Protein chains: 2
Amino acid sequence: MVKPVENQSPHNVVIVGGGFGGLYAAKALGRAPVNVTLIDKRNFHLFQPLLYQVATGTLSPADISSPLRAVVSENENTKVIMGEVKDIDPEQRKIFLSGEELNYDTLIVATGVSHFYFGNDHWETVAPGLKTIENALEMRRRIFMAFEAAEKETDPEKRRSWLTFVIVGGGPTGVELAGAIAELAFSTLKKDFRNIDTAEAKVLLLEGMDRILPPYAPDLSEKAEKSLNKLGVTVQTKTLVTNIDNNIVTTKQGDTVEEIPARTILWAAGVKASAMGKVLAERAGAQLDRSGRVIVEADLSLAGHPNIFVIGDLANYTHQTGKPLPGVAPVAMQQGEYVANLIKQQLAGYSMLPFQYIDRGSLAVIGRNAAVADLGFVKFSGVIAWLIWVFIHIYYLIEFDNKLIVLLQWGWNYWTKKRGARLITGEESSGRIAVDANGDFYAPAKSKEAVEV
Amino acid sequence: MVKPVENQSPHNVVIVGGGFGGLYAAKALGRAPVNVTLIDKRNFHLFQPLLYQVATGTLSPADISSPLRAVVSENENTKVIMGEVKDIDPEQRKIFLSGEELNYDTLIVATGVSHFYFGNDHWETVAPGLKTIENALEMRRRIFMAFEAAEKETDPEKRRSWLTFVIVGGGPTGVELAGAIAELAFSTLKKDFRNIDTAEAKVLLLEGMDRILPPYAPDLSEKAEKSLNKLGVTVQTKTLVTNIDNNIVTTKQGDTVEEIPARTILWAAGVKASAMGKVLAERAGAQLDRSGRVIVEADLSLAGHPNIFVIGDLANYTHQTGKPLPGVAPVAMQQGEYVANLIKQQLAGYSMLPFQYIDRGSLAVIGRNAAVADLGFVKFSGVIAWLIWVFIHIYYLIEFDNKLIVLLQWGWNYWTKKRGARLITGEESSGRIAVDANGDFYAPAKSKEAVEV
């Protein structure tokens, strides 16, 4: 229970994480009689649902990012700290950053999730996931570098391997990535190369379940698969990845084991909870689920700690349907707003009903004018779903940062079929994977050397 | 002399470098009866005059870059190779990339210049220059990280050091950087911080000569300095940097030695020729000037090698005025077009007059609506110069890639005074300099660790 503090300094709300959950909580508290501190490792909020457009060269990182300070600069009660929370002390109501500690009255933890390779963490180097701007730029580098390497390769088998793109995981991210890469290969890049025909590329989408987009209605999954096929994507369901090594993906479909030579392997499959889950378990006795997500009470608080809330992807909330709510932006936004209201209500002496997620539907985009939309009472596919998708994403982007420019960029790309953001950058850093003269991946030794294909 | 090849495969023109010089040569040869091969280390042409806008958070890298393949995709005689030329053999008319060699009939070298630290190469780590996208993102990271670090710093002296920005070099790049950083500190970021007043920042522009923008007319230099002062920039001329160490810039103005504690030091001073200069000297006996630039004949060819041309920043061309032409985009563009025409003329049996640079004037932008323009017959400053500057840059950007979107982005930023691209990214790489908990620079040890301020 959030206790009103009488005749004292205002109630301190500390929010850890500037994603959809944390930012919506902060915004909803912007005019409340509390002090708000928003902490994030990065100086920007990332509009993650559009990250795949950065990875495939349509949008620039800044198009889908908003500086956190700018988003909340009008709220005079709100302070932004760029830093990482290392530990908490629920007794003392303190959190610890490196070299700094902060007191809280109410703590909201919204640090989200990262990739999960099902125990095969070494796959991360060969099959990057898509959670951060850096991830997206690395994917972009690999995708466009693959075409460059294929253009130079004279051995037909190696060339085929450069032109094979395997996307692991048939959720929305995997579907969106596969559709965008197919459009690149079969349309955008077609006239740009002289030695290769980019239309010979193979875009393979692998899904372990019996259909892609498993959380959607079965007929939408079917429509999505048909749209992907039309774009040139090969969809393979009931298929598990058992190994990734030496640029070969080993898959198992029933009893059939297949080895697919592929230079570009992108991971869109599992997620695991961020480190704050463990910290809450150790310090505040939080219960974690198998993915490390925090099991929360009906009001999103931690059992035994009514002033600690966990929201967004990091929270496992089963009180509504018996199953955990999905890790999507609308859940996080609504939870952020719910907790903000709960704090305001409780400070005013009122109480609130449990959190209720209002599902306004699911959307996944497949290509330049194809998408599937499940709004609950009605389902769409094709151009109408695509327009709904564009409208909703633009609406939320604009709400943050007036990013009207993104709409114009999209319009432009749509009409010209261009992708202006297909830069291969980042070679100057030494931590990344590059491609050597023989077309093999390696970690460049010197940070200043240009990378050869 | 370019010799027509009778009854044989078409004349092979190889262009090394996809900057303004190389790209304009390639474009001008797009319909000629020759084979064109354009080689660049990167897969994009970079519109360098706007790089400072990436460094200061207004534009994204993709806004000022055009994929080379896309720019020349309509020219069926043109092939693009992503790679780096390591060596040439003028006797055999061959160039060597790693793992590949190519024959040429005519070679155009346009590989440009990089930073020069006047023999103090170790300054590069503490005072990055501005030649590549990676440079610009590193500058952007440092500039915005400095404000974040200042916000956290409690020691007033250290805080002052975080809020001191020193720009070394008063040419167009230095002037543009200083103006943009002043606008950030004194306008854009003003409301975003709670512990610091960003208006306390000090932006210092250092120039060794007796005035900034030394190649311009003296009264324009004066006007530029006044505009900078109005924006809050401190301009210090006749000032040499004698040392950079431990976040302290040591300067010498006449006999006065000063030590300026500054966390952000940006280099906009010297340039040196790219490695191809040396290769041409060793293999083809090219004469180099003190900066390593190649001294060329009146038709931009190499003495004794009438089929090898050097254009753009890498060329030292004195035949017009006795002094080398400046290293600016218009010179490179005109030289690229001249050599392309010369090749076409000579193949048709004609000859050409020496290269003549047509100077259409100089421009430097200072702030949101201030610039100086010297068009030769008339000089402008203030809003009109700024509008000329905007118009010319947009015109050339659009010519390449229809980047109308950049105009809209500018318009948007202009009206809102926002800078949407102020992301601090790149922490995941291990080669960069980061800031630790004590505010000291360090190279992060592990590539996956988030960076703390």
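The values are calculated or read from the model by the stated rules, or taken from the named source; none is laboratory data. If you're wondering where the values come from, they're calculated on a predicted model, not measured in any experiment. Here the Cβ is made from the backbone with ideal geometry for all residues, glycine too, and neighbour counts use every protein chain on show. Just so you know, the surface numbers come from the protein's heavy atoms only, side chains and all, with ligands and any DNA or RNA stripped out. Shrake-Rupley method; radii C 1.70, N 1.55, O 1.52, S 1.80 Å.
Here is how the numbers come out for the structure above:
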{"read-out": "Where a residue in the range A:371-382 is on the phi > 0 side of the Ramachandran plot and its partner, wherever it lies, is open to solvent by less than 30 Å² (accessible area, probe 1.4 Å) and among the β-branched types (Val, Ile, Thr), with Cβ under 9 Å and at least six apart", "value": "A:GLY382/A:VAL372"}
{"read-out": "A:GLN236 free of Cβ contacts under 8 Å to residues at least 60 places away in the same chain and within 22 Å of A:PRO172 (Cα to Cα)", "value": "yes"}
{"read-out": "Residues (charged (D, E, K, R), under 30 Å from A:LEU363 (Cβ atoms) and more than 11 Å from chain B (Cβ to nearest Cβ)) located in the range A:132-171", "value": "A:ARG142"}
{"read-out": "Test for A:LEU302: is it open to solvent by less than 50 Å² (accessible area, probe 1.4 Å), without any contact (Cβ under 8 Å) to a residue 24 or more places away in the chain and out of contact with any Lys or Arg (no Cβ under 7 Å at 6 or more places or on another chain)", "value": "yes"}
{"read-out": "Filtered residues of the range A:299-331 (kept if of a type in the set (A, V, I, L, M, F, W, C) and within 24 Å of A:LYS94 (Cα to Cα))", "value": "A:LEU300, A:LEU302, A:ALA303, A:ILE308, A:PHE309, A:VAL310, A:ILE311, A:LEU314, A:ALA315"}
{"read-out": "Residues of the range A:313-332 classified as surrounded by 22 or more Cβ atoms within 10 Å (Cβ to Cβ), part of a helix (DSSP H, G or I) and of a type outside the set (Gly, Ala, Ser), total", "value": "3"}
{"read-out": "Selection count where residues are open to solvent by 10 Å² or more (accessible area, probe 1.4 Å) and over 30 Å from B:PHE144 (Cα atoms), scope the range B:33-68", "value": "4"}
{"read-out": "Search result, residues across the range B:34-75 that are more than 7 Å from chain A (Cβ to nearest Cβ), within 21 Å of A:PRO61 (Cα to Cα) and hydroxyl-bearing (Ser, Thr, Tyr)", "value": "B:TYR52, B:THR56, B:THR58, B:SER66"}
{"read-out": "Odd one out for B:MET352, checked against (1) surrounded by 19 or more Cβ atoms within 10 Å (Cβ to Cβ); (2) aliphatic (A, V, I, L, M); (3) not assigned by TED's automatic domain parsing to the domain that holds B:TYR24", "value": "(1)"}
{"read-out": "Residues within the range A:312-324 that are under 19 Å from A:ALA340 (Cα atoms) and either small (Gly, Ala, Ser) or within 16 Å of the chain's Cα centre (by Cα) (or both), tallied", "value": "4"}
{"read-out": "So A:GLU153, is it at pLDDT 95 or above, open to solvent by 10 Å² or more (accessible area, probe 1.4 Å) and not β-branched (Val, Ile, Thr)", "value": "no"}
{"read-out": "B:ASN103 vs. criteria surrounded by fewer than 19 Cβ atoms within 10 Å (Cβ to Cβ) and either within 11 Å of another protein chain (Cβ to nearest Cβ) or out of contact with any Pro (no Cβ under 9 Å at 6 or more places or on another chain) (or both)", "value": "yes"}
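Yes or no, residue by residue, for (1) surrounded by fewer than 17 Cβ atoms within 10 Å (Cβ to Cβ); (2) within 21 Å of the chain's Cα centre (by Cα); (3) farther than 20 Å from B:TYR52 by Cα; (4) assigned by TED's automatic domain parsing to the domain that holds B:VAL328:
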| site | (1), (2), (3), (4) |
| --- | --- |
| B:GLU176 | no, yes, no, no |
| B:ILE181 | no, yes, no, no |
| B:ALA185 | no, no, no, no |
| B:ALA201 | no, no, no, no |
| B:GLU207 | no, yes, no, no |
| B:LEU213 | no, yes, no, no |
| B:GLU222 | yes, no, yes, no |
| B:VAL249 | no, no, yes, no |
| B:GLU258 | yes, no, yes, no |
